[in-house]
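These notes concern the structure reproduced below.
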Amino acid sequence: MPYHFHRTCQRFGFRIIALLLLCSLFLNVSFSEVSVTCSGASTGTVNTEGLNLRKKATTTSPVLISLTKGTKVTILKTTTNSAKEKWYRVSVKVNGVSYKGYVLASYVKKKSTSASSTSPSTATTQSSTAKPADKFFFRYGNLKSSAILYKERSTSSTRIAYLKKKTLVYAGQKKKIGTTTWYRVSTKGLSTNYKGYLPANKIQFQKTTVKSTRYKVAITKQKCHVYKTANGTDTRLGTINKGKDVIILGTLKVGGKKWAKAKTSVGTGYIVYSQLNPVTSTVKSTTNLTATVKKKSYTRRVASLLASNKGTAAVGTTVTILGRITVNKVVWYKCSFSKNSKTVTGYIRASSISLSTEAAFQEALLEFPASYHESLNQLHATHPQWVFNAVNTGLDWNDVIANENQNGKNTIQSNCPKGGASGTYSAPFSHLSTAPGDYNWETDTYTLRDGTNWYSANEQVIAYYMDPRNFLTEQGIFQFESLSYESSQTEDVVSTMLANTFMSGNYSVTDKATGQAVSGSYSSAFMDAAAGSGVSPYYLVSRVKNEVGSSGSGSTSGTYKGYEGYYNFYNIGANDSATGQAIANGLSWAKSGTTYNRPWTTPYKSIVGGAQYIAGQYIGLGQNTMYTQKFNVVVPTSLYLHQYMTAVTASNSYAVTNYNSYSKNGILDNSYTFYIPVFQNMPATACALPTSAGNPNYYLKSLTVKNTATDKKISLNATFNYATNSYTAAVASSVNSITISASAISKYAKVGGTGTYPLVSGTNTIKVTCTAGNGTKNTYTLTIVKQ
């Protein structure tokens, strides 16, 4: 039996051998050969394409370089991380540059060199050498034939049950007793399951491996263990975190459970299939765009870094983009290029490809439905530097509208419910919601939602303002503008945007917190706010102008009664009510607390601190456009909630304001980035606003029938209710005529069919109508039976 020691112990080799020979006198063992091997430097060869050399021994550590198959490495040491993954620390030289880092051991074929010292042969082993222990993991199997389940590993022990052929069992703890090999088993799938022992020759074990028959990417749904075989008690190769790529190579069922053979970051092994979410990782060829490789790249078989390399594309290689696909939030291009007189086609990450402006636009256009294309093409023709990105929400359009169409969630300004007229800032009746809770048909009363004239918008109006296709115009597009700060944004533009407003020039106030005089330019304050928060200064200016107007308000004056010396430029926390109080509520918020640089006792503190609030509460969460701040369709944990404003028109109003500012300042042709939502099952054409119309109430408030001769009221079969349209009455033969009177609930409605009616013997049918202000008509039917 050879004994191995480290090279530094080699000089002690013969002393150790002598000691072992001495021990053999007591152990009754003699040695024909004793070998002392000292492990030398180990080398290895990378056995897969694109093996990542990482800074640390974990799959989340930064990648230093990607190694090609066949690369020779020097193994410096072996380590096992907290996930029980085996890694090698290696050194390698690539293109003349030396690297040191960690690689997964399963992807390196190790070749060791050793030196050994051997003593002369002197004797033979007198005692038998122990055999390797059985591997006691459990496996599923089915009975080859009917069998008896025993209590012990003996046919003479108690019989527990008689099992039929093909019974499913879970077997382990293999042990040989005499000439018979036994397994400890438990039955599965029976009305009563048993545990006991069966001879091995009765069990046909199910296969736990499968040949590779497919090549499909999947994303892990949870933290997954990767096993050597499709058996949870077999050797674990490693663990993969949630949200990671794997490549499914095949599937099989073991014990009724489906497993996937998968190529993973910890090696090729087996994962429980239910823990994986298969995704599309290839795409049909639909484009023909020319591009250039800007970073040396492997061309993958499918859109995954785990996929095999079909050919390496050097920097500067001209490729043809055939398609585009996003897998696990990574964008890939299906590319084709010529190499060594052969055509290579596969997938390269978009970050490694450089597109011309026109090619980039055409490629981005593919992510939008066809109904977006005409408008986007027109915008691109006018402003070729603008960049349009599709935000595929994955949400069903009908579900989106249903969730936004909730009482008070989307409001619109109107004077009509209080007797006013419709106009620029007053929506017609046809734009208001008549859903339960928003409107009372019996009293013709709309529920006030905010301020003195804000009411719930109806479903059609919400659909119109939520449909991005209605705003793919030179003005409307700016509600999709990225709100992030960029170095190209200048204070000169901010100053121009502030011109002709109360923020033109400087502020000079006494800081209520310190009692000191402070002053500065508003434009500088907005630039500081942008740099500190990561929010566009242009957006911040537009937001203030939208909130408090060009002349400012009590929120920005510093003189509001009860809150002198406090400022709230963005109206944060300024919730309105029927009795007002919006400004007071906002200033109360600005005065209280210590977050976001509060209390806001100067304009500067309010502008800078408010920007931090906006960044943290919205932009930092992914609500990076005015559209998504109004309609939250991008943050999965708070969909349709956490919406900055209730006004259904708010994001479009912002777009108009920004467009006007950019146009006035001559910066419309700058480069802007827009993030435009896309929904599933959208209507074929853009949703339209309802036609302007009058009050919708077409109900009667009262309906009375009297005997014309006596002026006495005739009783109907039921008490009148505005929602009931049919009534009957019986009158004596002496009643020759009746008089009908009625009134409408709404002052805008008109009643028809009232007056005096002669009666004939038998049945008399009379129709009374109520025509709403919008022209819709409701008919009530009276059936009078003369005896």
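The values are calculated or read from the model by the stated rules, or taken from the named source; none is laboratory data. Keep in mind it's a predicted model, so treat the numbers as computed, not measured. Backbone-built Cβ (ideal geometry, glycine too); neighbour counts: all protein chains shown. Accessible surface areas use protein heavy atoms only, side chains included; no ligands, DNA or RNA. Shrake-Rupley method; radii C 1.70, N 1.55, O 1.52, S 1.80 Å.
For the range 690-733, what are the residues that are under 30 Å from residue 422 (Cα atoms) and open to solvent by 70 Å² or more (accessible area, probe 1.4 Å)?
If we filter the range 690-733 for residues that are under 30 Å from residue 422 (Cα atoms), which is where we start, we get 690-702, 722-723.
If the condition is that a residue be under 30 Å from residue 422 (Cα atoms) and open to solvent by 70 Å² or more (accessible area, probe 1.4 Å), then 691, 692, 701 are the ones that fit.
So, restricting to strands (runs of 3 or more DSSP E) that lie completely within the range 304-412, which ones have at least 3 residues that are under 23 Å from residue 67 (Cβ atoms)? Full working, then the answer.
Values: elements: 309-313, 318-327, 330-339, 342-349, 353-355, 387-396.
Correct list: 309-313, 330-339, 342-349.
Do we find a residue being in a loop (DSSP other than H, G, I, E, B), more than 26 Å from residue 669 (Cβ to Cβ) and charged (D, E, K, R) anywhere in the range 536-558?
no
Determine whether the range 604-614 contains at least one residue that is in a loop (DSSP other than H, G, I, E, B) and open to solvent by less than 40 Å² (accessible area, probe 1.4 Å). Step through it out loud before you land on a result.
Our first condition is that a residue be in a loop (DSSP other than H, G, I, E, B); within the range 604-614, this holds for none.
No, there is no match, as no residue in the range 604-614 is in a loop (DSSP other than H, G, I, E, B) and open to solvent by less than 40 Å² (accessible area, probe 1.4 Å).
Restricted to the range 435-455, and to residues that are in contact (Cβ under 8 Å) with a residue 40 or more places away in the chain, touching a Phe, Trp or Tyr at 6+ places or on another chain (Cβ under 8 Å) and in a strand (DSSP E or B), which residue is surrounded by the fewest Cβ atoms within 10 Å (Cβ to Cβ)?
448
Within the range 528-543, can you find the residues that are touching a strand residue (DSSP E or B) at 6+ places or on another chain (Cβ under 8 Å) and open to solvent by 10 Å² or more (accessible area, probe 1.4 Å)? Full working, then the answer.
Kept after step one, since they are touching a strand residue (DSSP E or B) at 6+ places or on another chain (Cβ under 8 Å), are these residues of the range 528-543: 529, 534-536, 539.
534 - this is the single residue of the range 528-543 that is touching a strand residue (DSSP E or B) at 6+ places or on another chain (Cβ under 8 Å) and open to solvent by 10 Å² or more (accessible area, probe 1.4 Å).
For the subset of the range 463-475 comprising residues that are touching a Ser or Thr at 6+ places or on another chain (Cβ under 9 Å) and part of a helix (DSSP H, G or I), which member is surrounded by the fewest Cβ atoms within 10 Å (Cβ to Cβ)?
Among those that are touching a Ser or Thr at 6+ places or on another chain (Cβ under 9 Å) and part of a helix (DSSP H, G or I), it is 469.
Exactly one of these conditions fails for residue 548: (1) of a type in the set (A, V, I, L, M); (2) under 30 Å from residue 448 (Cβ atoms); (3) loosely packed, with under 15 Cβ neighbours inside 10 Å. Give me its number.
Only one criterion is unmet by residue 548, namely (3).
Would you list the strands (runs of 3 or more DSSP E) that sit entirely within the range 171-280 and hold 3 or more residues that are farther than 18 Å from residue 147 by Cα and of a type outside the set (A, V, I, L, M, F, W, C)? First the steps, then the outcome.
Numbers: elements: 180-188, 195-199, 203-205, 216-220, 224-227, 236-240, 245-254, 257-264, 267-272, 276-278.
Result: 236-240, 245-254, 257-264, 267-272.
Kindly provide the set of residues from the range 266-302 that are under 13 Å from residue 246 (Cα atoms), small (Gly, Ala, Ser) and modelled with pLDDT under 95, ordered by number.
At the first step, the residues of the range 266-302 found to be under 13 Å from residue 246 (Cα atoms) are 266-273, 275-281, 302.
Adding the requirement that they be small (Gly, Ala, Ser) leaves 267, 269, 281.
267, 281, listed by residue number.
Considering 499, 525, which residue is open to solvent by 30 Å² or more (accessible area, probe 1.4 Å) and either within 42 Å of the chain's Cα centre (by Cα) or among the polar types (S, T, N, Q) (or both)?
From the options 499, 525, the qualifying one is 499.
Please go through the range 79-96 and give me each residue that is open to solvent by 30 Å² or more (accessible area, probe 1.4 Å) and in contact with a helix residue (DSSP H, G or I) (Cβ under 7 Å, 6 or more places away or on another chain), ordered by number.
The answer is 86, and nothing else.
Check whether at least one residue in the range 518-528 is among the charged types (D, E, K, R) and at pLDDT 90 or above, and report yes or no.
Going through the range 518-528, the residues among the charged types (D, E, K, R) turn out to be 528.
Among the residues that remain, those that are also at pLDDT 90 or above are: 528.
The answer is yes, given that some residue of the range 518-528 is among the charged types (D, E, K, R) and at pLDDT 90 or above.
Of all the residues that make up the range 741-774, how many are open to solvent by 50 Å² or more (accessible area, probe 1.4 Å) and either of a type in the set (Phe, Trp, Tyr) or farther than 17 Å from residue 443 by Cβ (or both)? Please lay out each step first, then the result.
Start the filter on the range 741-774 by keeping residues that are open to solvent by 50 Å² or more (accessible area, probe 1.4 Å), which leaves 741, 747-748, 750-751, 754, 756-758, 760-761, 763, 765, 767, 774.
Remaining after also requiring either of a type in the set (Phe, Trp, Tyr) or farther than 17 Å from residue 443 by Cβ (or both): 741, 748, 750-751, 754, 756-758, 760-761, 763, 765, 767, 774.
Adding up the residues that qualify gives 14.
Taking the range 615-638 as the search range and keeping residues that are part of a loop (DSSP other than H, G, I, E, B) and of a type in the set (Phe, Trp, Tyr), which one is least open to solvent (accessible area, probe 1.4 Å)?
Filtering the range 615-638 for residues part of a loop (DSSP other than H, G, I, E, B) gives 618, 622-625, 631-635.
This time we only want the ones that are of a type in the set (Phe, Trp, Tyr), so: 618, 631.
Values: 618: 18, 631: 0 Å².
Filtering the range 615-638 for residues that are part of a loop (DSSP other than H, G, I, E, B) and of a type in the set (Phe, Trp, Tyr), the one least open to solvent (accessible area, probe 1.4 Å) comes out as 631.
Determine, yes or no, whether residue 169 is of a type in the set (A, V, I, L, M, F, W, C), in contact with a Lys or Arg (Cβ under 8 Å, 6 or more places away or on another chain) and open to solvent by less than 20 Å² (accessible area, probe 1.4 Å).
Values: of a type in the set (A, V, I, L, M, F, W, C): yes; in contact with a Lys or Arg (Cβ under 8 Å, 6 or more places away or on another chain): yes; open to solvent by less than 20 Å² (accessible area, probe 1.4 Å): yes.
So residue 169 passes the test.
Checking the conditions here, which among 625, 602 is among the hydroxyl-bearing types (Ser, Thr, Tyr), in contact with a strand residue (DSSP E or B) (Cβ under 8 Å, 6 or more places away or on another chain), under 26 Å from residue 408 (Cβ atoms) and in contact (Cβ under 8 Å) with a residue 60 or more places away in the chain?
Values: 602 fails: under 26 Å from residue 408 (Cβ atoms).
After applying the criteria, what remains is 625.
Scan the range 382-401 and tell me whether some residue there is surrounded by 14 or more Cβ atoms within 10 Å (Cβ to Cβ), out of contact with any strand residue (DSSP E or B) (no Cβ under 8 Å at 6 or more places or on another chain) and among the charged types (D, E, K, R).
yes
Return yes or no: is residue 663 free of Cβ contacts under 8 Å to residues at least 60 places away in the same chain and open to solvent by less than 60 Å² (accessible area, probe 1.4 Å)? Give the steps one after another, and end with the answer.
On the way: free of Cβ contacts under 8 Å to residues at least 60 places away in the same chain: yes; open to solvent by less than 60 Å² (accessible area, probe 1.4 Å): yes.
For residue 663, the condition - free of Cβ contacts under 8 Å to residues at least 60 places away in the same chain and open to solvent by less than 60 Å² (accessible area, probe 1.4 Å) - is met.
For the range 292-309: of the residues being surrounded by 16 or more Cβ atoms within 10 Å (Cβ to Cβ) and of a type in the set (Lys, Arg), which is farthest from residue 355 (Cα to Cα)?
Top of the filtered list is 301.
Could you tell me whether the range 630-642 includes any residue that is closer than 28 Å to residue 494 by Cα and in contact (Cβ under 8 Å) with a residue 12 or more places away in the chain?
Scanning the range 630-642 turns up at least one residue that is closer than 28 Å to residue 494 by Cα and in contact (Cβ under 8 Å) with a residue 12 or more places away in the chain.
Taking the range 668-688 on its own, how many of its residues are in a loop (DSSP other than H, G, I, E, B) and open to solvent by less than 60 Å² (accessible area, probe 1.4 Å)?
Step one: filter the range 668-688 for residues in a loop (DSSP other than H, G, I, E, B), giving 668-672, 681-688.
Then drop every residue that is not open to solvent by less than 60 Å² (accessible area, probe 1.4 Å), which leaves 668, 672, 682-683, 686-687.
Of the residues in the range 668-688, 6 are in a loop (DSSP other than H, G, I, E, B) and open to solvent by less than 60 Å² (accessible area, probe 1.4 Å).
Among the listed residues 318, 345, 326, identify the single one that is on the phi < 0 side of the Ramachandran plot, in contact with a Cys (Cβ under 9 Å, 6 or more places away or on another chain) and open to solvent by 20 Å² or more (accessible area, probe 1.4 Å). Break it down into steps so the answer makes sense when it comes.
Numbers: 318 fails: in contact with a Cys (Cβ under 9 Å, 6 or more places away or on another chain); 326 fails: in contact with a Cys (Cβ under 9 Å, 6 or more places away or on another chain).
It is 345.
Take the residues in the range 481-494 that are hydroxyl-bearing (Ser, Thr, Tyr) and either touching a Lys or Arg at 6+ places or on another chain (Cβ under 7 Å) or under 15 Å from residue 543 (Cα atoms) (or both), then tell me which one is surrounded by the most Cβ atoms within 10 Å (Cβ to Cβ). Show your work before the answer.
The first filter runs over the range 481-494 and keeps only residues hydroxyl-bearing (Ser, Thr, Tyr), leaving 482, 484-485, 487-488, 490.
From what is left, the residues that are either touching a Lys or Arg at 6+ places or on another chain (Cβ under 7 Å) or under 15 Å from residue 543 (Cα atoms) (or both) are 482, 484-485.
On the way: 482: 17, 484: 17, 485: 23.
Of everything passing the filter in the range 481-494, 485 is surrounded by the most Cβ atoms within 10 Å (Cβ to Cβ).
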